[in-house]
Structure formats: structure tokens, C-alpha cells
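Data block below; observations after.
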Amino acid sequence: RQLHRQEEALLIGFINNLVKSIIRSLPNDKITHRYIEAYREITRPIIGIDEVTDFSIVDIYAMMSIARTEFSSITLCGDIMQRLTTSGFNQWGELNTIIPKDKLKLVSLKTSYRQSSILLDVAREMYTDTIGQEPNYVAYMKSRKVPSPLMYVSQNESSKINWIEQRIQEVYKAYGKRLPSIAIFLNDKNAIKPFVEQLQDTDFIYESSINVVDG
């Protein structure tokens with residue numbers, strides 16, 4: 001039968017870790033097996049996994065299993081609030097199920113260099129509401145002379161599109177009649193095409209020859 005990808009990850013991790021045990025116990029010149037040869041081919045001394053919170057514990061177990069037996073360094077980076085998958089882990093402490101506590105060193109990045117303090121205030125509320133604890137990060141940019149986040153709630157699709165058109169127009173004017181890249185996210189992928197067509201047909205977008213595309 002077809003294996004689930006989580007089953008595949010579990011088997012890969014188990015086989016690689018078994019291979020490591022065999023390599024440690026026998027001279028290298030006496031080992032000839034396709035699993036061992038495959039491990040030698042993919043093994044790495046340094047492993048870095050970005051956006052690690054999108055992966056399950058089993059996925060991470062499999063990726064860590066390709067670390068070299070002699071010496072290795074494994075770095076995991078991620079933000080639980082930026083997780084995009086349902087299979088990703090929820091707390092960093094869950095890593096203790098595959099990494100011994102004496103081998104796991106957690107380092108928190110407490111300063112955000114990319115967001116203003118006003119934007120981090122919004123992120124802080126979302127973090128507390130989602131994770132259930134107060135975040136300890138702060139903004140490097142102390143100035144609060146930045147635009148405040150805006151929110152518009154409506155059941156009328158045309159009304160929402162017109163509101164977005166006005167916000168795009170504000171950005172266009174603020175950048176000296178130039179427009180940086182702007183991303184708009186929708187919950188339903190089937191709604192993207194009609195949304196693009198309606199936004200493209202609004203007065204400002206049409207008259208300014210701004211191209212709205214389905215990215």
C-alpha cells in the first residue's frame with residue numbers, strides 16, 4: 001500500500017539512525033549495503049532548517065538523521081506564529097521528544113529589526129491570543145511615526161474591493177505616483193479570479209494601468 005509521508009519520514013529517520021549504529025560498531029571497509037551507501041551519499045556535517053515550525057516532529061527527526069556520525073551541527077530556525085501548516089509543532093519543548101535536553105539549546109531572538117513598534121503591538125496581541133503567553137520581543141525602531149494598521153469588515157464583496165482600491169491609491173500617492181509590490185491574500189483560492197477581475201475594473205486601478213495578477 002502507499003505510505004503516508006509521515007510514515008516515510010519515520011522510516012527514513014529510523015533507517016538512517018540504524019545505519020549510524022552499524023557504522024559506529026564496524027570498520028568502514030567491511031560495510032557494503034545500499035542503505036549504508038545511500039546514507040554516506042546524503043550525510044552532511046552541518047544542517048540548517050529554516051521555517052522549522054512548518055514541519056512535524058517526525059519530519060525533523062528524518063532530516064536530523066542525515067547528520068554525520070563523527071561530528072555535526074544542526075540549527076533549527078522558526079517562529080511558531082508564522083507556521084503555515086497544520087502538521088507543524090506548537091511548542092519548542094516538543095523537540096525534547098527527539099532531542100535530549102542536554103543536546104538542545106534554545107536561543108530567542110528578542111529584537112525585531114523589520115517591523116515598527118506599532119506593528120509589533122498588533123503582532124503581540126495575536127501572539128498572546130494564539131499561543132496563550134506574552135511574547136518577549138521588542139522593536140528596534142522606536143519611532144511611532146508610521147501608519148497604523150487598518151481593518152475593514154463587510155459582507156459586501158464590492159464594498160471590500162473598493163476599500164482595497166482606496167488603500168492602494170494611498171500607497172500610490174505616498175510613493176510619488178509609483179507603486180511597490182502589494183500582496184492581497186484570500187481565504188478561498190476559487191475566489192481569486194473573480195476578485196482579480198473586479199479589482200482590475202475599479203476606476204483608479206484601470207485608469208492608472210495597474211496590472212492585477214493572480215500570483
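Worth pointing out:
- Flag if Asn136 is surrounded by fewer than 11 Cβ atoms within 10 Å (Cβ to Cβ), closer than 16 Å to Met81 by Cβ and modelled with pLDDT under 90: yes
- Count of region 72-101 residues which are closer than 22 Å to Ala123 by Cβ, touching a Phe, Trp or Tyr at 6+ places or on another chain (Cβ under 7 Å) and in contact (Cβ under 8 Å) with a residue 40 or more places away in the chain: 1
- A single member of Thr69, Thr43, Thr53 is farther than 19 Å from Ser21 by Cβ, β-branched (Val, Ile, Thr) and touching a residue at least 12 places away in the same chain (Cβ under 8 Å), and it is Thr53.
- In region 26-66, the residues that are within 17 Å of the chain's Cα centre (by Cα) and either of a type in the set (Lys, Arg) or on the phi > 0 side of the Ramachandran plot (or both): Glu51
- Residue in region 95-109 that is at pLDDT below 90 and part of a helix (DSSP H, G or I) present: no
- Just so you know, in region 5-50 the residues that are under 15 Å from Phe71 (Cα atoms) and charged (D, E, K, R) include one that is most open to solvent (accessible area, probe 1.4 Å), and it is Arg24.
- Filtered residue count, region 34-70, keeping only those that are modelled with pLDDT under 85 and either in a strand (DSSP E or B) or not acidic (Asp, Glu) (or both): 1
The values are calculated or read from the model by the stated rules, or taken from the named source; none is laboratory data. Bear in mind that the values here come from a model prediction, so they are computed numbers and not experimental data. Glycine gets a Cβ as well: all are built from the backbone with ideal geometry, and neighbour counts include every protein chain shown. The area values use the complete protein model at the heavy-atom level, side chains included, leaving out ligands, DNA and RNA. Shrake-Rupley method; radii C 1.70, N 1.55, O 1.52, S 1.80 Å.
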